[in-house]
Amino acid sequence: MREYLAQLLAESGTLTTQEIVLHITASAVLSAAIYISYWYTHAGTAYSKKFNVSLVSLTILTATVMTVIGNNIALSLGMVGALSIVRFRTAIKDSRDTAYIFWTIIVGICCGVGDYLVAGVGTAMVFVVLLALGRVRNENRILLIIRGSKDRSGDMERIVFSYFKQRALLRVRNTTPEHVELIYEMPRKVWQMNYQKDVDISDALYALGGTEYVNTVTQSDEISG
C-alpha cells in the first residue's frame, strides 16, 4: 500500500516530482520580486497589503495550474471552461494594479511550463522599469469653487483672471435667477501663485461683496482605500 501511494505521488502526467517542485519554487521566488516592487511603488494611499499578498498567491496558483495542464489539450480546454465561471468584482484602485495582475499571470505561466529564463528576464526588466517609474504620481489639481450674487459674476471672473490669467479653466458655471456658482480647475503649481500675492484670492472675492463662499478642493486620479 505504501509503495502504491508513493508511486501515485511520484507520478504526475509527464512531469517528475522534482520538476513540479522546481516549477512551484521558481514561481514563489519570482513572486517575491513582484511583492517588493508593488510595496515600493505603491507606498502611499493606494497601497493594499492584502492585494500584494494576493499577487504572490496568484503567481503560485497560475504556475500550479499550468503545471497540471502541461501539454494536455483536453485538460487545458476543460480548465478554461471551469475558470470561465469565476467573476472578479474587486475595484481596481490604481491603473498600475492591472499591470501587476498581468505580471503575476505571465510569470506563473512561464514557470508552469518550465521557461524560467523568460520568466526571470521579463521579471527583471519589469522590476527595473517600475522601480524607476513606479513612483510617478499624478499631479494634484485644484478646484476653486465660488458662489455669490449673479450680478457680481463678471467681477468674480475678473478677479480670478487677475490672479491666475488663462491657466485657471472655467469648468462649470451654475446659475439661478439670483446666484451663480463658478468652478475653476488649475494645476497645484498655478494655485500656489495665489500665495505670492499680497492679498489672498478668498479675501479679494469676499471684499467684492455678494460672495457667499469660496471653497478649494484638491482633486486626484488616485483612489484611496
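Could you please tell me which pairs satisfy a Cβ distance under 7 Å, a separation of 6+ or placement on different chains, a first residue in segment 183-203 that is surrounded by 13 or more Cβ atoms within 10 Å (Cβ to Cβ) and among the polar types (S, T, N, Q), and a second residue that is in a helix (DSSP H, G or I) and at pLDDT 80 or above?
So the pair list comes out as ASN194/TYR163; ASN194/ILE201.
Residues in segment 204-220 that are out of contact with any Leu (no Cβ under 7 Å at 6 or more places or on another chain) and either in contact (Cβ under 8 Å) with a residue 12 or more places away in the chain or surrounded by 11 or more Cβ atoms within 10 Å (Cβ to Cβ) (or both): how many?
Going through segment 204-220 one residue at a time, the tally reaches 11.
Show me the helices (runs of 4 or more DSSP H) entirely contained within segment 13-124 in which 1 or more residues are over 18 Å from the mean Cα position of the chain (by Cα), surrounded by 13 or more Cβ atoms within 10 Å (Cβ to Cβ) and at pLDDT 70 or above.
17-41, 49-69, 95-112
The values are calculated or read from the model by the stated rules, or taken from the named source; none is laboratory data. Worth saying up front: this structure is predicted, and the values here are computed from it rather than measured. Ideal geometry is used to build each Cβ from the backbone, glycine not excepted, and the neighbour counts take in all protein chains shown.
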